[in-house]
Amino acid sequence: MIDEIKEKVQTFIEENSKLAATVIGLFLFLSLSAVVVLFFHAGKRKEQKGPALPPEVFVQKNDFLPPAEITLTEDYYFSRVPEDKWSEEERDRWFTNPDETSLKELGKANDGIAKRITEAAP
């Protein structure tokens, strides 16, 4: 099996000598560059080390302020049971009637969706 692979590699190199030489040269250049960069990087790392600094000690200058008390608004509850219908007050507060242009745009969009669905039907 190894002999077969060796033969295939040799025939490939013989048939594509320029390509093989370029690939081997590029591989050697990248390997050599990596070794040189690692060598210089390791040398710089040793030079940059200085004396170890002592750990900083925390000195409290001011008293810590306690967080402000959380006040919940009437609209927010941790566990809220939703109602089936809105009250008149909630309806007036949260619901806005759409204007005529918005309704026309929505109608056009819905008509387009319906048209695409019916066109795709067999």
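The values are calculated or read from the model by the stated rules, or taken from the named source; none is laboratory data. Since the model is a prediction, treat every value here as computed from it, not as a measurement. Ideal geometry is used to build each Cβ from the backbone, glycine not excepted, and the neighbour counts take in all protein chains shown. To get the accessible areas, we keep the full protein, side chains included, count just its heavy atoms, and leave off ligands, DNA and RNA. Shrake-Rupley method; radii C 1.70, N 1.55, O 1.52, S 1.80 Å.
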- Query: Taking only pairs six or more apart or across chains, which ones have beta-carbon atoms under 9 Å, a first residue in region 57-70 that is in contact (Cβ under 8 Å) with a residue 60 or more places away in the chain and open to solvent by less than 100 Å² (accessible area, probe 1.4 Å), and a second residue that is among the charged types (D, E, K, R) and part of a loop (DSSP other than H, G, I, E, B)?
  - Reply: none
- Item | Answer residue from region 74-122, given it is within 39 Å of the chain's Cα centre (by Cα), outside any helix (DSSP H, G or I) and modelled with pLDDT of 85 or more and is surrounded by the fewest Cβ atoms within 10 Å (Cβ to Cβ) among those | Thr96
